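Below: one structure, written as structure tokens.
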Amino acid sequence: MAEKEQLIIESGDASQPFAYAVGMHGSKFFTETRDNKRFMGLKCPKCGKVYIPPRGVCGQCFVEMNDWVEVGPKGVIGTFTILRFAFIDPETGHQKPVPYGYGFIKLDGADTLLQHYIALEDESKVKVGARVEPVFAKDRKGSTRDVEYFRVID
Amino acid sequence: MDKAAIIGVGMTKIEANKQRETFADMAWEAVNKALADAGMTIDDIDNVITTSSDFWDGRTISCMAVADASGAADKNTSCVEGDGTFGAFYGYTRALSGSYKTTLVTGHSKGSQCVSSLITNSSFDPIYERGLGMDMITACAMQANAYMDRTGLKPEDMAMVSVKNHGNALKNPVAQLPMKISVDDVMKSEMIADPLRKLDCSPVSDGCCAVIIAHESVATKFKQQPVWIRGLSFCTDHFFFGDRDLARSKSLAEAAKNAYSMAGIKDPKKEIDVVELYDAFTYQELLWLEEMGLAEYGKAADLLKAGHFNMDGPLPVNPSGGLLAGHPVIAAGLYRIAEVVMQLRGDAGAHQVKKAKTGLAHGVNGLCGQSHCVWILDKER
Amino acid sequence: MAKRVAIVGTGQTFHKSHRPDVNGQELINEAVQRALVDANLKMKDISAILIGNMDHFEGINYVDCWSVDGSGGVMKPVIKLTTGGTTGASLAIGGYHMVASGMFEKVLIIGWEKNSESDTTGAITTAFDPIWDRQVFAGAISGLAAEAQGYMARFGACDRDAARVSVRDRKHATNNPHAQLRKEVTLEEVLASPMLADPIHLLDVCPRTDGACAVIMANEDVAGKICSVPDWIWATAARHSYTYLGDGDWGRLTSMEKCSKEIWKKTGIKEPRKEIDVIEMYQPYSFAGLIWIEDMGIVGHGEAPQYIWDGNTDMGGELPVNPSGGVIACNPIGATGLIRCAEAAMQVMGKADARQVPDVNFAVSTGFGGCMWTDMLLHGKKKPN
Amino acid sequence: MADVFKGVEPMVYNSKISVPYSWWAGDTASKFFISLRDDQKIIAPRCGTCGKVFMPPRKICPACFTENTEWVDISNEGTVISYSVARRQLESIPVDKKTPVIWGLIKLDGADTALMHYLGEVKPEGVTIGMRVKAVFADSRTGTIRDISHFKPVK
């Protein structure tokens, strides 16, 4: 039993490319972030909740949203963690560098949270309720990467 | 068993690339069309089934993208992976289960976002087959060759399916590829995998379809005329091609037989008035018709040539233009159901066929029609 | 008329970290064969098959079609459901409706996963929105860590409270021959184990597992003939609301709250803590053992730590949770929710051997997955009205 | 709806799913591949109940649902059941293969089911259903299905 040879078939570096449509709501958001460094959310006409990331429909009320409101750019940490274990980033097929701070940011004026990196300059300051601000990338191309990360401000 | 009916359908236009729209945007459109068609609001729906594919969508748990836009918030919901006819089947059992009365079923796909050759290559067994590099087109070419060899069918015979279906699509506003073409055009189109030429193959498509299925106790409570589900069956053949008779489709014959039996249909050739089937490739329309018992084996092409399956023939097949005129993979079977419903209600507009009381809708899962789902729908209860 | 539905047989593999001796179809077959033996049925008796897993763990498209050699699906109706971690429980709910509809007499339900064949975290990460979530998300553990942080900040629980849950489940697992991790751990060992994502330590979370589970359901016309004590399904519920991860109420599992309320209401259960005899919960990490029994309505918000410390959820306690050792001891993801269902069924049927809770009249099984989703079933010894 | 998005270009996010897989062949496929690799011999399991010989090898007989325990040697020669020819360089085709690529479904003598593989040393026009072919083994063999290079026509 111990000596039996058990073969493995490897997929190698095979990968599946995708061209995901961002959609018009997301495209407007990224355009604003890229060109004007501001965040835009969508407000539900029925329950008044302000959604970020923006999307066309308030799921709870099942109504379309067209009312854009500016939110942030500052906010507070809604919840967070610090990732310390190694895993494969499915976008690259390689291990993602760890540790990294990762949080759900409640931008001022928004009701839902935006996921992003949190800088780990001082781990003790990264906690639920801490105030944060975005650090924008210099070269912005219209994706979540236009914000490099959020950092805790005193 | 209790009965159930389809009381609302909604379809987005099928397009090559809905670049402006996310999956959720497409679902929102199709669901609202279905609700409007049924004369319902989302509050009248008591459970939701979405149909999608993690591979085609490029996302594990692909159903996550559409739940809220499909009205699933705070409702009981689940997700079928595979063709929309299978999703609708699950929705049907839920409407009959005693737990629910009205199921909203959606199916979506965006072929434009992925590389279909790689996606379908992933359907092959990873240990024995995948590394050889076949995909859906080359696999179906293998089935087409086996079928032609057995029946003596010629590529020109298959091409007639393309001519008919693209022609039918001229009258269907949601079709992606309406075209007036000739057999010669098909025969001159690019050879992709012998014997399949470009015009023998369905296109890459984006689209979403939604249908609403209601238990008999509520089926007539809304404004839309119900279309009754009389027969429904599905069946799966062997996986490895070498285990099957590739020139035939045993699982389709079985599914059709069971669906007819449930519907009380004795002579499908006489009793079925309209068919919407899964013609991903031209030869499939012929082979599927034969296995469904709507033509003798090897003889569907002769009937086609005689105009039997034309829009104005005795048995119109794919009056919508079928998959050849638009193939949003996972949604495709659900579009077939929605099209038959429109035909039976008399709501199909320019592509309406004459005198349709009983219709057949058909969906496929897997390579070369490994698994089939057959629906018999009827105007009368 | 809709039919009442019961579980009449279950089968599981002996779950392990990796199974090099079998491919996926062969692994599935082991569970199927055991379920057939348990119910004393043959494959020809089965009217339809439901199967599920998560595609990107094994990288196989159309698994329902691919797996027929192992599942027994040749020339039978086979359908696939996929809802992420909830898959196994969604399959059980699917089987219930297929039988209840009157269309099928006996269905075979299969959940499976070979997590050893890919990078689990990498594959789970693809579950989240490619544009908004995928860049920073790091698999299930990152989302769960965020939930735990939210809970601790709101209710003042600590990682020691959570560790007590790990100690419980790992102890229970020693009674279950099918569990992957069958060695007890201490509080100190849990707290000293490597930090994966604050506040989650290695011993707070589930392992990676290869395994399969099969369950056979039958309608009321035949269930009593197949086995003497069928496990009747009283009610099911599922909540899968989601658009983006940041929409969640971090620190509460609202989907659990909604499912429980629906099930208690449907079945007339007023005091779940007293009326439920055992819970098999899809609890992928220790903190969930605190948070989610609060959301289920077993205890009030913030009360779970004391309830757990008092031994109420241990074997022999007021309401044992996870006699099987649960997910912390074993997690073949696509099978996990169905294993919970099978284990709850075994408790009702009196087949749970060393992990049997005495006199089970009502059992609850749950599934967790997607974006903080819950699926839930209520199992009972008596035939429902 | 249109007004709200005036001046906004629809964006597309180009990404990929690149999760590497290591599939365990399992004892049954391993035995078959090891025989190809080490002995250039094709072997297959036989069902003890119905007697069917399975290619590609299967641990369980899908019809009888019992374990196949007996192995038999089968021939390197067989008959083409069907075939397919890729004329377009489809994305699924391995990088070392150039069109036209021909695949065949080959029923080897002694097996009851057919194996999928490449047909080689033949032009697409020369392939027919029913033609006899013979396995050509790869020079470098690593324990995969490509330890057989292709099947060539039997003269």
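Close amide H contacts of residue A:115 (hydrogens built in the peptide plane, cut-off under 5 Å, sequence separation of 5 or more or a different chain): A:105, C:246.
Taking amide H as placed 1.01 Å from N in the peptide plane, the amide H of residue C:235 sits under 5 Å from that of C:378, each at least 5 places away or on another chain.
Eigenvalues of the alpha-carbon gyration tensor of chain D, scaled by 5 and square-rooted, set the equivalent ellipsoid semi-axes at 38, 23, 16 angstrom, largest first. Through the Karplus equation 6.51 cos²θ - 1.76 cosθ + 1.60, θ set to phi - 60°, convert the phi angles of segment A:124-140 into ³J(HN,Hα) values in whole Hz; use x for Gly and Pro. So the J values, rounded to whole Hz, are 5, 8, 7, 8, 4, x, 5, 7, 9, 9, x, 10, 7, 6, 5, 9, 9. When both segment C:354-385 and segment A:84-150 are represented by their alpha-carbon centers, they are found 38 Å apart.
Note on chain C: helix-only mean residue ellipticity at 222 nm, from DSSP H runs of 4+ residues weighted -39500 (n - 2.57) and normalised by residue number, equals -10500 deg cm²/dmol.
Diffusion coefficient (Stokes-Einstein, Kirkwood radius over C-alpha pairs, 10 °C, 1.306 mPa s) for chain C: 78 µm²/s, rounded to a whole number. For segment C:37-113, take every pair of Cα atoms, bin their distances at 5 Å starting from 0, and report each bin as a whole percent. Calculated P(r), rounded to whole percents: 3, 16, 28, 25, 19, 8, 2. Scanning chain B for GluC sites (Glu not before Pro) that sit in a DSSP loop and have at most 14 other Cβ atoms within 10 Å, the longest stretch containing none of them is B:1-189.
Compute the orientation-averaged projected area for segment B:109-202 from the convex hull of its Cα atoms and round it to one decimal in nm². Kindly include the intermediate steps, with their values, before the conclusion.
Details: hull surface 29.4 nm².
For the Cα atoms of segment B:109-202, the hull's average projected area reads 7.3 nm².
Against the main long axis of the alpha-carbon atoms of chain A, helix A:23-36 sits at an angle near 70°. In this structure, the amide hydrogen of residue C:4, modeled 1.01 Å from its nitrogen in the peptide plane, lies closer than 5 angstrom to those of C:220, counting only residues at least 5 positions away or on a different chain. Ignoring ligands, DNA and RNA and using a 1.4 Å probe, state the total buried accessible area between D and A in Å², rounded to the nearest 100. Roughly 3000 Å². In the structure shown, the pairs B:101/B:223; A:4/C:106; B:305/D:98 are assessed against 28 Å; a Cα-Cα span above that value is assigned to A:4/C:106; B:305/D:98. Within chain C, helices built from complete DSSP H runs that reach 18 Å or longer along their own axis (Cα positions) and carry a mean Kyte-Doolittle hydropathy of -0.5 or higher are C:24-39, C:87-100, C:139-155, C:333-349.
Kindly count the pairs of lysines across segment A:54-154 whose alpha carbons are less than 27 Å apart, treating pairs on different chains or eight or more residues apart as eligible. So the count works out to 15.
Report the full-extension gain for the segment residue C:158 to residue C:266: residue separation times 0.36 nm, less the Cα-Cα distance, to one decimal in nm.
My answer for the length gained is 35.4 nm.
So for chain D, averaging the separation of alpha carbon pairs under 8 Å that are six or more residues apart and normalising by length, what relative contact order in percent results?
Values: 264 pairs, mean separation 30.2, N = 155.
This gives 20 percent for chain D.
Inter-label distance, residue B:43 to residue D:154: 7.5 nm, where each label sits 7 Å from its Cα along the C-beta direction.
When the listed pairs A:46/C:258; A:28/B:13; B:13/B:354; B:18/C:258; B:18/D:6 are checked against a 28 Å cut-off, the alpha-carbon distance exceeds it for B:18/C:258. What share of all Cα pairs of segment A:1-127, in percent, falls into each consecutive 5 Å distance bin? Going out from 0 Å in 5 Å bins, segment A:1-127 shows 2, 9, 13, 14, 14, 15, 12, 8, 4, 3, 2, 2, 2, 0 percent.
On C-alpha positions alone, give me the angle between the axis of helix D:26-39 and the longest principal axis of chain D, in degrees, nearest 10. So the inclination is approximately 70 degrees.
What shape does the protein assembly as shown have by the C-alpha gyration tensor, where a ≥ b ≥ c are the square roots of the eigenvalues, rounded means a/c under 1.5, and otherwise prolate means a/b greater than b/c and oblate the rest? Walk me through the numbers before you get to the answer.
On the way: a/c = 1.40, a/b = 1.27, b/c = 1.10.
It comes out rounded by the Cα gyration axes.
Cβ screening of chain B for cysteine pairs under 4.7 Å finds these without a partner: B:114, B:140, B:201, B:208, B:209, B:235, B:368, B:373.
Pick from C:335, C:238, C:39: which residue has the top mean-square fluctuation in a GNM of chain C where Cα pairs under 10 Å get a spring? Among C:335, C:238, C:39, the largest GNM mean-square fluctuation belongs to C:39. For chain B, the Kirkwood hydrodynamic radius from C-alpha pairs, put into Stokes-Einstein at 37 °C and a viscosity of 0.692 mPa s, yields a diffusion coefficient of 162 µm² per second. If you take the Cα centroid of segment C:71-110 and the Cα centroid of segment B:189-229, the two points sit 23 Å apart. Sorted largest first by accessible area at a 1.4 angstrom probe radius, with every protein chain in place, the residues D:71, B:228 fall in the order D:71, B:228. Between segment B:334-381 and segment D:98-155, the alpha-carbon centres lie 41 Å apart. In order along segment A:45-58, the Karplus-derived 3J(HN,Hα) couplings, from 6.51 cos²θ - 1.76 cosθ + 1.60 at θ = phi - 60°, round to x, 9, 9, x, 5, 9, 9, 8, x, x, 8, x, 10, 7 Hz, and Gly and Pro are given as x.
With a Förster radius of 35 Å applied to the beta-carbon distance between residue D:39 and residue C:14, the computed FRET efficiency rounds to 0.60.
The values are calculated or read from the model by the stated rules, or taken from the named source; none is laboratory data. Worth saying up front: this structure is predicted, and the values here are computed from it rather than measured. Because the Cβ atoms are built from the backbone with ideal geometry, glycine has one as well, and the counts that use them run over all protein chains shown. Accessible surface areas use protein heavy atoms only, side chains included; no ligands, DNA or RNA. Shrake-Rupley method; radii C 1.70, N 1.55, O 1.52, S 1.80 Å.
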